[in-house]
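A.B. asks: Before I ask anything, let me first share the structure, which is written out below as structure tokens.
The values are calculated or read from the model by the stated rules, or taken from the named source; none is laboratory data. Remember, predicted model here, so these are calculated numbers, not experimental data. Here Cβ is always computed from backbone atoms with ideal geometry, including for glycine, and neighbour counts include all displayed protein chains. Heads up: the accessible areas ignore ligands, DNA and RNA and are worked out on the full protein's heavy atoms, side chains in. Shrake-Rupley method; radii C 1.70, N 1.55, O 1.52, S 1.80 Å.
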Amino acid sequence: MHYWGDVVEKDRVKSYEYARLSAKKGNTRAMRGLARQLDEGDGTERNSMKAIKYYKKAVQGGHAYANFDIGFLYDMYPEFRHKRDKVERYYKLAADAGYRQAQYNLAEHYRDLDDFEGAIRYYQMAIDLQMYDASAGLGMMYLEGEGVEQDVERGLSLINLGVEKGDGYSTYMLGTAYLWSIGVDEDLEKGLSLLRSACEKKNVDAQVLMARELLDGYVIDRDPELALKYLKSAAEDKSEHAYLELGHMYSVGEGIPIDKDLATEYYRTSLALGSLEAEGYLNDLLHEPEDV
């Protein structure tokens, strides 16, 4: 109750203490919740190693979905680069237990490895559980002819499953198809309209892309103020890309005053959230001559 604030005022520190006490009694849901707070630094100091410990305890207690969380940390966080060979194993344990987010992530993992048969299999499993991210992902494969025979009609049909339900990610993906001529003729007006709609639905990918376009000024009038608004909104949802772009804006003064301290903070947050690019930018900024 303390975590969600549905009965009492939100208090993350108290929720962490309640979760810790409940986890001690063997409550696997509390173990997973505790791990998430440790992972995110929510109500306590961030500690990804402790988070893994509690996720594993939850798995040992029978919470199969916590396998996904372990796989996600191994997949996304720089401090676990040496564990990348275990990502598939943990995603698969949760996916085969029926967790649709794990099914989607495993499909994306297989797609990155050009294992299109595996990608299609797990996308379809997630689609069967009405996950629109998965229908959009599979739809893009058909639009591009990526690992499958190109079928634009089928691709659009799959992506529109989510668009018609108001899903932000599906709307974003369809927008990129029209912006970048992926299986369809370029239509900048339609693409930007879909992107704006996805931004309104708080899709972080759309917000980051729209911010980049607003800063570039190539396909839309340049507007750093609106770009900053979109990036800060995406950052609230812990988007590593949003923090990276915020770091860029403040490091060079993109329509705002230069603030190297704030840029450093944003780069560090992006790095902590898994951005490999942030490490290089952060090093460059920290070693930049003081008179620059």
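A.B. asks: At 7 Å along the Cα-to-beta-carbon direction for both Ile258 and Arg212, put a label point, then send me their distance in nm to one decimal.
C.D. replies: 2.5 nm
A.B. asks: Go ahead and estimate [θ] at 222 nm for the chain from helices alone: -39,500 (n - 2.57) per DSSP H run with n ≥ 4, summed, over the residue count, rounded to 500.
C.D. replies: -21000 deg cm²/dmol
A.B. asks: Right, another one. Order the following by accessible area, largest value first: Asp221, Asp167. Probe radius 1.4 Å; ligands, DNA and RNA are ignored.
C.D. replies: The ordering from most to least exposed comes out as Asp221, Asp167.
A.B. asks: In the calculated pair distance distribution of the range 91-212, what percentage of Cα-Cα distances lie above 18 Å?
C.D. replies: That fraction is 50 percent.
A.B. asks: Starting from the Cα of Lys260, draw a straight line to each of the lysines and keep only those under 30 Å, dropping any in the same chain fewer than 8 residues away.
C.D. replies: Lys202, Lys229, Lys232, Lys238
A.B. asks: Kirkwood Rh and Cα-based Rg: tell me the resulting Rg over Rh for the range 71-118, rounded to two decimals.
C.D. replies: Checking Rg against Rh, the ratio lands at 0.97.
A.B. asks: What length, rounded to one decimal in nm, is gained on full extension from Glu146 through to Val13, with 0.36 nm per residue of separation minus their alpha-carbon distance?
C.D. replies: Length difference between fully extended and current span is 43.2 nm.
A.B. asks: Within a Cβ distance under 15 Å of Tyr77, other residues only, what is the Lys/Arg minus Asp/Glu net charge?
C.D. replies: Combined, the nearby Lys, Arg, Asp and Glu give +1.
A.B. asks: Moving to a separate point now. Could you work out how far the C-alpha centroid of the range 102-141 sits from that of the range 242-292, in angstrom?
C.D. replies: Distance between centres, Cα-based: 33 Å.
A.B. asks: Can I ask one more? Using a simple charge model, +1 on the beta-carbon of Lys and Arg, -1 on the beta-carbon of Asp and Glu, nothing else, what dipole does the range 167-292 show about its Cα centre, in debye to the nearest 20?
C.D. replies: Dipole magnitude for the range 167-292 comes out near 440 debye.
A.B. asks: Just subtract the alpha-carbon distance of Glu200 and Arg81 from 0.36 nm times their residue separation and send over the number in nm, one decimal.
C.D. replies: Working it through step by step, the gained length comes to 39.4 nm.
A.B. asks: Please give the FRET efficiency for Lys53 paired with Lys165, using the beta carbon to beta carbon distance and R0 = 35 Å, rounded to the nearest 0.05.
C.D. replies: With a Förster radius of 35 Å, E is 0.40.
A.B. asks: Pop the C-beta distance of Lys238 and Glu189 into the FRET formula with R0 = 30 Å and round what comes out to the nearest 0.05.
C.D. replies: 0.40
A.B. asks: Over all directions, the average projected area of the alpha-carbon convex hull for the chain comes to how many nm²?
C.D. replies: Reported value for the Cα convex hull: 17.1 nm².
A.B. asks: Grab the Cα-Cα distance for Arg154 and Trp180, subtract it from 0.36 nm times how many residues apart they are, and report the gain in nm with one decimal.
C.D. replies: Length gained, Arg154 through Trp180: 7.5 nm.
A.B. asks: Another one. From the protein chains alone at 1.4 Å, what is the descending order of accessible area for Glu200, Glu213, Glu279, largest first?
C.D. replies: So the residues, ranked largest to smallest area, are Glu200, Glu279, Glu213.
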